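Everything on this sheet refers to the single structure shown next.
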């Protein structure tokens with residue numbers, strides 16, 4: 001199945017959704033609250049509609065789990081060999097703050113493993129993508145980029161920095177100077193993929209659609225996301241779609 005997926009078509013979907021997001025970004029927009037009290041905008045919904053309809057048209061046999069779609073019972077999901085995991089607007093808080101640090105995320109999961117990932121940053125016009133066995137790319141250039149540095153560059157979430165994460169950073173033993181980099185959305189994974197950072201500890205809640213696309217890209221960069229508790233790789237399409245605490249490195 002993976003060899004039949006045209007990643008160029010998936011990147012085109014992400015870009016189309018991103019352009020529609022920008023139209024709303026440049027207007028006045030209403031912010032609503034979802035059941036979990038997280039923010040929701042018209043941009044989330046329009047992006048979700050574009051992505052889900054396009055994926056269904058291209059690959060009607062592959063089901064979709066999206067942050068903004070109806071929740072599907074695990075007894076049905078567990079039978080799926082392949083599925084799409086979609087975050088139509090990752091970093092809604094950054095979108096609302098208008099700091100540009102938001103992305104469109106699309107990932108393909110095969111038997112709980114991310115095998116394709118696309119991240120598009122509409123403001124930056126940066127496109128990251130990877131397909132298992134085919135490498136990772138930023139704007140058509142192979143990743144990771146090689147950059148020399150003398151510090152340990154630690155990524156911290158701009159809007160979700162927990163006490164546990166701060167404590168972990170403080171506990172890091174290194175002779176290098178520690179440099180903290182704050183970034184929103186899945187751009188944190190992009191920094192790792194570009195070798196602009198060394199480690200991203202996340203000891204606060206995330207969902208599978210937050211990490212799947214970045215995880216697929218990092219795996220093709222010979223990097224990884226591991227569970228904080230036992231250093232085993234993240235898995236996807238679990239009964240509970242919430243991620244455990246993790247470290248990306």
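The values are calculated or read from the model by the stated rules, or taken from the named source; none is laboratory data. It should be emphasised that the depicted structure is a prediction, and the values quoted were computed from it without experimental measurement. Reconstructed Cβ throughout: ideal geometry from the backbone, glycine too, with neighbour counts over all protein chains shown.
Quick notes
- The one condition from (1) farther than 21 Å from residue 38 by Cα; (2) part of a loop (DSSP other than H, G, I, E, B) that residue 83 does not meet is (2).
- Condition met for residue 127 (outside the structural domain of residue 185 (by TED's automatic domain parsing), in contact with a strand residue (DSSP E or B) (Cβ under 6 Å, 6 or more places away or on another chain) and at pLDDT 95 or above): yes
- As a summary of the residue check, residue 84 satisfies the conditions (1) out of contact with any strand residue (DSSP E or B) (no Cβ under 7 Å at 6 or more places or on another chain); (2) within 21 Å of residue 2 (Cα to Cα); (3) without any contact (Cβ under 8 Å) to a residue 40 or more places away in the chain except for the one numbered (1).
- The listed residues are 62, 109, and the only one of them that is closer than 22 Å to residue 128 by Cβ, buried (at least 21 other Cβ atoms within 10 Å of the Cβ) and at pLDDT 95 or above turns out to be 109.
- Taken over region 11-31, residues that are without any contact (Cβ under 8 Å) to a residue 12 or more places away in the chain and not in a loop (DSSP other than H, G, I, E, B) amount to 2.
- Among the residues examined, residue 47 qualifies as surrounded by 14 or more Cβ atoms within 10 Å (Cβ to Cβ) and either modelled with pLDDT under 95 or assigned by TED's automatic domain parsing to the domain that holds residue 115 (or both).
- Residue 179 falls short of the stated requirement of being more than 19 Å from the chain's Cα centre (by Cα), outside the structural domain of residue 79 (by TED's automatic domain parsing), surrounded by fewer than 22 Cβ atoms within 10 Å (Cβ to Cβ) and under 27 Å from residue 40 (Cβ atoms).
- Residues in region 120-145 that are touching a residue at least 24 places away in the same chain (Cβ under 8 Å) and farther than 25 Å from residue 1 by Cα were compared, and the one that is surrounded by the most Cβ atoms within 10 Å (Cβ to Cβ) is 122.
- Among all residues of region 68-75, there is none that is in contact (Cβ under 8 Å) with a residue 40 or more places away in the chain, touching a strand residue (DSSP E or B) at 6+ places or on another chain (Cβ under 7 Å) and not in a strand (DSSP E or B).
- Check on residue 222, within 21 Å of residue 153 (Cα to Cα), surrounded by fewer than 19 Cβ atoms within 10 Å (Cβ to Cβ) and not assigned by TED's automatic domain parsing to the domain that holds residue 128: yes
- Within the option set 185, 204, being under 18 Å from residue 121 (Cα atoms) and assigned to a loop (DSSP other than H, G, I, E, B) holds for one residue only, 185.
- The single condition from (1) over 15 Å from the mean Cα position of the chain (by Cα); (2) assigned to a loop (DSSP other than H, G, I, E, B) that residue 101 fails is (1).
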